[in-house]
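I have placed the structure first, in the form of structure tokens, so that the comments after it can refer back to it.
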Amino acid sequence: MSDPVSALNGAAFSGIATVEEAGLAGMITLRGDLGSKGLGAAVKAATGVDIPTANKVALSDEGGAAWMSPDELLLMVPYTEVEGKLAALTEALAGEHALAVNVSDARAVFRLSGDGARETLAKVCPVDLSAEAFVAGQFRRTRMAQVAAAFWLDEGGVFTIVCFRSVADYVFNLLSNAAHPHSKVGVY
Amino acid sequence: MLILECPYCGVKAEESELHAGGEAHLKRFGPGSSDAEFHDYLFMRKNPRGVHFERWRHINGCGKWFHAARCTTTLEVFGTYSAQTLEPPQAIRDAVSAKRPGWSWRDLK
Ligand SMILES: [Zn+2]
């Protein structure tokens, strides 16, 4: 067996915020009818959470589910369990108009924390990241400078950012630059 | 700056999060139509100064196509609406009429 590694091997940078590559994460893209009871039960079995409402993330200790579009979820599971979870999910969804795919190795994940986290993210995304507008549990797909990205904010004030693995280096450099110690704007 | 509210995810998306899809509500002329009809379908687009109906895609977001009614002169947005329609819903037409009485666009008034 080969030994899977994440895109940047846990690279980290600290400035007005701390940027860390989070390592390997199990991710399953699921498309289907989000109103279906069967799909809801399959998601619960795989992740331990109910299907989140629009633009929200539902988190459990081991993973969770993020609302990607009216017919798409991103399921987060432990990296080592993704194949088993996918098989169970596919079996549970037999007969439903749905599709689940393992996208774990197509993604990179970053954590962004610290006092300057909102400001760092706001520099590179066209999103209102003020404390009133962007609250814990919210999930947003958007553009991070020149690439697509998605992120959510957890109860601990930490942003988790998901992007394509092929642009992991770009996103890390982008966030590190936006978090440069001498770059504080103080807008939030 | 143009901001459109995506009717599928509800996000108020800034223009750079969107992809412009050109004129809305085109009627397709394919096999069986005349050369002139096919030519017009393929090439002839409205480029009005004022009320316009367009297709947009929330490309760096939920990924869905939708429609927008807006003013090309002022960037004022009258409303956005579902892609699953052949013409603007009455609520959108009313919103345009409230701001631009006497407007017309192709066969719409
Ligand atoms: Zn959208």
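The values are calculated or read from the model by the stated rules, or taken from the named source; none is laboratory data. Remember, it's a predicted structure, so these values are computed and weren't measured experimentally. Cβ placement follows ideal geometry from the backbone for every residue including glycine, while neighbour counts extend to all protein chains displayed. What goes into the accessible areas is simple: the full protein's heavy atoms, side chains included, and nothing from ligands, DNA or RNA. Shrake-Rupley method; radii C 1.70, N 1.55, O 1.52, S 1.80 Å.
Tell me: how much accessible area in total is hidden between A and B, 1.4 Å probe, Å², nearest 100? Kindly include the intermediate steps, with their values, before the conclusion.
Details: alone 9210 and 6870 Å², together 15140 Å².
Rounded to the nearest hundred, the buried surface is 900 Å².
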Share of the stretch A:26-105's accessible area from carbon and sulfur, percent, 1.4 Å? 54 percent
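Using a 10 Å cut-off around each Cβ of peptide A:140-152, what is the average number of partner chain Cβ atoms that fall inside?
The per-residue average across the peptide is 3.
With r defined as the distance between the Cβ atoms of B:Ala98 and A:His180 and R0 fixed at 45 Å, what FRET efficiency is calculated, to the nearest 0.05?
Once rounded, the FRET efficiency stands at 0.40.
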Residues of the stretch B:26-50 with backbone nitrogen within less than 13 Å of a virtual label 7 Å along the Cα-to-Cβ line of B:Glu87, please, listed as ranges. B:26-27
Which order do peptides A:162-168, B:28-34 fall in by mean Cβ count within 10 Å, highest first? A:162-168, B:28-34
Using a Förster distance of 30 Å, how high is the FRET efficiency between B:Ala20 and A:Glu83, based on the Cβ-Cβ distance and rounded to 0.05? 0.15
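What range in chain A is the longest one free of GluC sites (Glu not before Pro) that are in a loop by DSSP and have at most 10 other Cβ atoms within 10 angstrom? Display every interim value, and only then the final one.
Numbers: sites that count: A:Glu132, A:Glu155.
In short, A:1-131.
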Chain B: relative contact order as a whole-number percent, Cα under 8 Å and 6+ apart: 24 percent
Mean accessible area per residue over chain A (1.4 angstrom probe, all protein chains present, square angstrom) is 47 Å²
Any residue on another chain or 5+ positions along whose placed amide H is under 5 Å from the amide H of A:Arg107 is listed here as A:Arg165
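Could you calculate the FRET efficiency of A:Ala12 with B:Leu75 from 1/(1 + (r/R0)^6), where r is the beta carbon distance between them and R0 is 41 Å, rounded to 0.05? Provide the component values of the computation, followed by the final result.
On the way: r = 42 Å, r/R0 = 1.02.
Taking R0 as 41 Å, the efficiency between A:Ala12 and B:Leu75 is 0.45.
In peptide B:13-20, what is the residue-averaged number of other protein chain Cβ atoms found within 10 Å of each Cβ? All intermediate terms of the calculation are to be shown ahead of the outcome.
Details: counts 4, 6, 1, 6, 8, 2, 0, 0.
Mean inter-chain Cβ contacts per residue within 10 Å come to 3.
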Using the Karplus curve 6.51 cos²θ - 1.76 cosθ + 1.60 with θ = phi - 60°, what ³J(HN,Hα) values do you get for each residue of the stretch A:114-119, in whole Hz, with x for Gly and Pro? x, 4, x, 4, 4, 5
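Please compute the Kirkwood hydrodynamic radius over chain A, one decimal place, Å, based on all pairs of different Cα atoms.
Working: mean 1/r = 0.0589 Å⁻¹.
About 17.0 Å for chain A.
Evaluate Rg over Rh across the stretch A:26-105, taking Cα atoms for both radii and Kirkwood's formula for Rh. It would help to have the intermediate numbers written out before the result.
On the way: Rg = 10.9 Å, Rh = 12.0 Å.
That ratio equals 0.91.
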Ignoring any ligand, DNA or RNA, what whole percent of the accessible area of the stretch B:3-99 comes from carbon and sulfur when the probe is 1.4 angstrom? 52 percent
Does chain B come out rounded, prolate or oblate, given a ≥ b ≥ c as the square roots of the eigenvalues of its C-alpha gyration tensor, rounded meaning a/c under 1.5 and, failing that, prolate meaning a/b above b/c? oblate
Search the structure for amide H atoms under 5 Å from the amide H of A:Ala7, placed 1.01 Å from N in the peptide plane, and list their residues when 5 or more places away or on another chain. none
